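Each remark here refers to the structure printed beneath this line.
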């Protein structure tokens, strides 16, 4: 959810960094707001959180993020959720990277409360223009209940005709596992960067929209002087997707169909920046015949010391 619903809505940030010997520490706080259209369930929501980066020497870094999300329903009530993420990265001298992350969910959503995510990734440095990577993720929701309906037909032979009886049986299974593989490559030409990333998602059982999902995402970044412009878009199908190395987790039963966005970052000094942007996503909700959209305008600013 989190993130899936609101991480893109980073509206305000404050960052600080300090250097003590060979240890670098960066800390950011952020908040955001997202509005939904055509939803029969959700009205709006917000997120507040804390992010910290600790770099040790040339080889190690640890990133941690903790945030709170609230989604307000159309009728009454709301959904509240806490998320925590830890990401460790090992840097090789040749430019390669290995990443290991874990993500934990504490939510009012009974189905995904206590959900755990594990991520393992490897990035290969080819040359200054090209890097390739692959990332694998596994999510497990222990309390997720899935109802299955079976239709049975039994035929009884009688001396004058055959009689067919149809019965319906419903069973409930508990526990949902989500597997994901995400290859990517980045190509750079001067200040222009092109990133292509694919997603393949396999569910252990259908949560309402099937068990197999795939999509492709393209991100274009251009840096010149004090400005960095970025645009992205993706198409395909996603459910329970994991993004951004494990920091972004979609944990509600919704089938996402496409998304796009753009942002502009301004760096007036070496220790400050501002960023504004907009993004939009389209997804299907259970029991809603219309496609739902979420649109976000955001602002992010930071300074370092």
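The values are calculated or read from the model by the stated rules, or taken from the named source; none is laboratory data. Please read these numbers as outputs of a predicted model, since none were measured by experiment. Cβ coordinates were reconstructed from backbone atoms using ideal geometry, including for glycine residues, and neighbour counts include every protein chain displayed.
Considering only residues of the range 43-62 that are crowded, with 19+ Cβ neighbours inside 10 Å and touching a residue at least 40 places away in the same chain (Cβ under 8 Å), which is farthest from residue 284 (Cα to Cα)? Within the range 43-62, the match that is farthest from residue 284 (Cα to Cα) is 47. Taken over the range 215-250, the criterion of being under 15 Å from residue 180 (Cα atoms) and assigned to a loop (DSSP other than H, G, I, E, B) is satisfied by 239, 240, 241, 247, 250. Of the strands (runs of 3 or more DSSP E) lying entirely inside the range 251-305, those carrying at least 1 residues that are in contact with a strand residue (DSSP E or B) (Cβ under 8 Å, 6 or more places away or on another chain), modelled with pLDDT under 90 and surrounded by 15 or more Cβ atoms within 10 Å (Cβ to Cβ) are 272-285, 292-303.
Of all residues in the range 34-72, those being at pLDDT below 90 and within 28 Å of residue 295 (Cα to Cα) number 11. Taking the criterion of being in contact with a helix residue (DSSP H, G or I) (Cβ under 8 Å, 6 or more places away or on another chain) and more than 17 Å from residue 293 (Cβ to Cβ), the residues of the range 245-274 that qualify are 247, 248, 249, 251. If you take the residues in the range 205-214 that are without any contact (Cβ under 8 Å) to a residue 40 or more places away in the chain and either surrounded by 16 or more Cβ atoms within 10 Å (Cβ to Cβ) or in a strand (DSSP E or B) (or both), which one is farthest from the chain's Cα centre (by Cα)? This residue is 212.
Quick check, is residue 4 at pLDDT below 80, farther than 23 Å from residue 283 by Cβ and surrounded by 17 or more Cβ atoms within 10 Å (Cβ to Cβ)? No.
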